[in-house]
Amino acid sequence: MELTRKHSFHGELTVPGDKSISHRGIMFGAISNGLTEVTNFLRGADCLSTISCFRQLGIDIETDGSRALIHGKGLRGLKKSQQVLNVGNSGTTLRLISGILAGQSFQSILNGDASIQKRPMRRILTPLSEMGARFQCWDPVHFPEHPTKSSSDRAPFTIQGGKLRHIHYQSPIASAQVKSSILLAGLYADGITRVTEPVLSRNHTELMLASFGANILSTGTTAAVWPEPVLEGQSIQVPGDISSAAYFIALGLICPNSELLIQNVGVNPTRSGILKAAQAMGGSLTLLNEHTVSGEPVADILVKSSSLHGAVIQGEIIPTLIDELPIIAVMAAFAEGDTVIKDAQELKVKESDRIASVTENLTAMGADVVPAEDGMTIHGGRPLQGARIRTYGDHRIAMAFAVAGLNADGVTSFDDENCVTVSYPSFYEDINKLLN
Ligand code: S3P
């Protein structure tokens, strides 16, 4: 695929369902009693990995387009899988399912793709071990044919679950995956489990678990869950994914003479930092039709081309836009002046090292970027040139640089544009629909 500059984008679109909420709908449905229906479910590779893992654990899950029906078996209804559970590229699947498996009386083996095998798991192995689960990590080479023990903190690993102790975990990082993993294990603990984060991360687990009947309380940056709830199947309507809408927000703002209406987007304040960041950069965004669906705030977002300027993005806003930082960095390259991104060291341990992959690709396009340990500074305003993009198999790098390529001189191509299927299989088709 080759991309060149387009002169305007117009129209209305809906982006696919939210990835975080789709994962949770499947998982919480699996451990609830009776039927859970998830509509506008994201049929991206990551969420399909969650479905296949729970099927292996004995849960019947039917899918029909973007509707998923989960025949839940209750808190203690999962069955041991005879095979390795493969999470593919999905960190959310791996970290959240580990919390659930920590509470089961059987052993499970988890593995994923080459990117997953590089991602740090100590962040969940430490608290789940404190609660009483036992882990063994394996060398990924020749696994599972010739398993060799590894002292690393990476997948593949075996979990032996069982009776768990409650803890109050002071998490060193603001991570919803860590928080959710511990809260899910807390459903199987001997008392109230608490997680305190340095800064509040996305709260979809707290909202959705409560709607299934869990007793869960959030106070500031602490979430507490009571054990042994009776969870009942629910009907969950998944809002559009703001992390997917972010590419169209950037496209509409950067490209001259453009106006886009992105409908039905989840705008939970723990997720929607992109809106504040884009507005701080001078972007014209208007929220319309604000309402609540399945406990989550939703709105339509009207985006109009804008002259962008640099901004400082740091501190508490970072967890609310962590997945959007690659596209924010691209926007910053088109903005006048400097954009400084700080406190975002988590970027290094996403699907790729996003400080390195963003810096490399923006530099290849002619932007002036200085990477840092916890972010980067982009000296914006230089015209960008098309380049060959190295995605590192990271869906968010491919989509961010597609937006850059559509606003650059010359031709932009990709080593692996298909990695967008992880979160947004119809991404390129949706862009084409807005061209006129
Ligand atoms: C997610 C949480 C975030 C995010 C990821 C999805 C979730 O990760 O980057 O794409 O669904 O809980 P961390 O919680 O590790 O920051």
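Listed conditions (1) open to solvent by 50 Å² or more (accessible area, probe 1.4 Å); (2) away from the ligand (no atom under 16 Å from the Cβ); (3) over 30 Å from Ile317 (Cβ atoms) are all met by Asp113, apart from (2). Looking at segment 86-107, is at least one residue more than 23 Å from Ser22 (Cα to Cα), away from the ligand (no atom under 16 Å from the Cβ) and either assigned to a strand (DSSP E or B) or free of Cβ contacts under 8 Å to residues at least 24 places away in the same chain (or both)? Looking for residues that are more than 23 Å from Ser22 (Cα to Cα), away from the ligand (no atom under 16 Å from the Cβ) and either assigned to a strand (DSSP E or B) or free of Cβ contacts under 8 Å to residues at least 24 places away in the same chain (or both), one finds at least one in segment 86-107, hence yes. Looking across segment 98-110 at every residue that is closer than 25 Å to Ser423 by Cα and touching a Leu at 6+ places or on another chain (Cβ under 7 Å), the one that is surrounded by the most Cβ atoms within 10 Å (Cβ to Cβ) is identified as Gly99.
Taken over segment 59-82, residues that are in a strand (DSSP E or B), touching a helix residue (DSSP H, G or I) at 6+ places or on another chain (Cβ under 6 Å) and surrounded by 20 or more Cβ atoms within 10 Å (Cβ to Cβ) amount to 2. Do any residues in segment 174-187 that are hydroxyl-bearing (Ser, Thr, Tyr) have Cβ atoms under 6 Å from those of residues that are buried (at least 24 other Cβ atoms within 10 Å of the Cβ) and part of a loop (DSSP other than H, G, I, E, B), where the two are at least six apart or on different chains, and which pairs are they? Pairs found: Ser175/Ser201. If you check Ala404, Ala344, Ala356, Ala408 for being open to solvent by less than 10 Å² (accessible area, probe 1.4 Å), at negative phi, within 21 Å of the chain's Cα centre (by Cα) and among the small types (Gly, Ala, Ser), only one passes: Ala344.
Of all residues in segment 199-218, at least one satisfies being in contact (Cβ under 8 Å) with a residue 60 or more places away in the chain, farther than 21 Å from Met27 by Cα, within 16 Å of the ligand (Cβ to nearest atom) and of a type outside the set (D, E, K, R). Scanning for something under 30 Å from Asn203 (Cα atoms) and in contact with a Phe, Trp or Tyr (Cβ under 6 Å, 6 or more places away or on another chain), does segment 350-367 turn up at least one residue? Checked segment 350-367: at least one residue is under 30 Å from Asn203 (Cα atoms) and in contact with a Phe, Trp or Tyr (Cβ under 6 Å, 6 or more places away or on another chain).
Could you pull out the residue among Ile242, Ile262, Ile167 that is more than 16 Å from the ligand (Cβ to nearest atom), in contact with an Asp or Glu (Cβ under 9 Å, 6 or more places away or on another chain) and open to solvent by less than 10 Å² (accessible area, probe 1.4 Å)?
Just a single option satisfies the conditions, and that option is Ile262.
Among the residues of segment 34-58, those identified as in a helix (DSSP H, G or I), open to solvent by 10 Å² or more (accessible area, probe 1.4 Å) and of a type in the set (A, V, I, L, M, F, W, C) are Ala45, Leu48. Out of the residues in segment 354-400 meeting the condition of being among the hydroxyl-bearing types (Ser, Thr, Tyr) and touching a strand residue (DSSP E or B) at 6+ places or on another chain (Cβ under 8 Å), tell me which one is farthest from Leu3 (Cα to Cα). The qualifying residue farthest from Leu3 (Cα to Cα) is Thr377.
Taking the listed residues Ala223, Ala155, the one that is within 16 Å of the ligand (Cβ to nearest atom), in a loop (DSSP other than H, G, I, E, B), in contact (Cβ under 8 Å) with a residue 40 or more places away in the chain and touching a Leu at 6+ places or on another chain (Cβ under 7 Å) is Ala155, with no other qualifying.
The values are calculated or read from the model by the stated rules, or taken from the named source; none is laboratory data. Note that the coordinates shown come from a computational prediction; the quantities given were computed from them, not determined experimentally. Every residue, glycine among them, receives a Cβ derived from its backbone with ideal geometry; neighbour counts consider all protein chains shown. Just the protein is used for accessible areas: all its heavy atoms, side chains included, with ligands, DNA and RNA removed. Shrake-Rupley method; radii C 1.70, N 1.55, O 1.52, S 1.80 Å.
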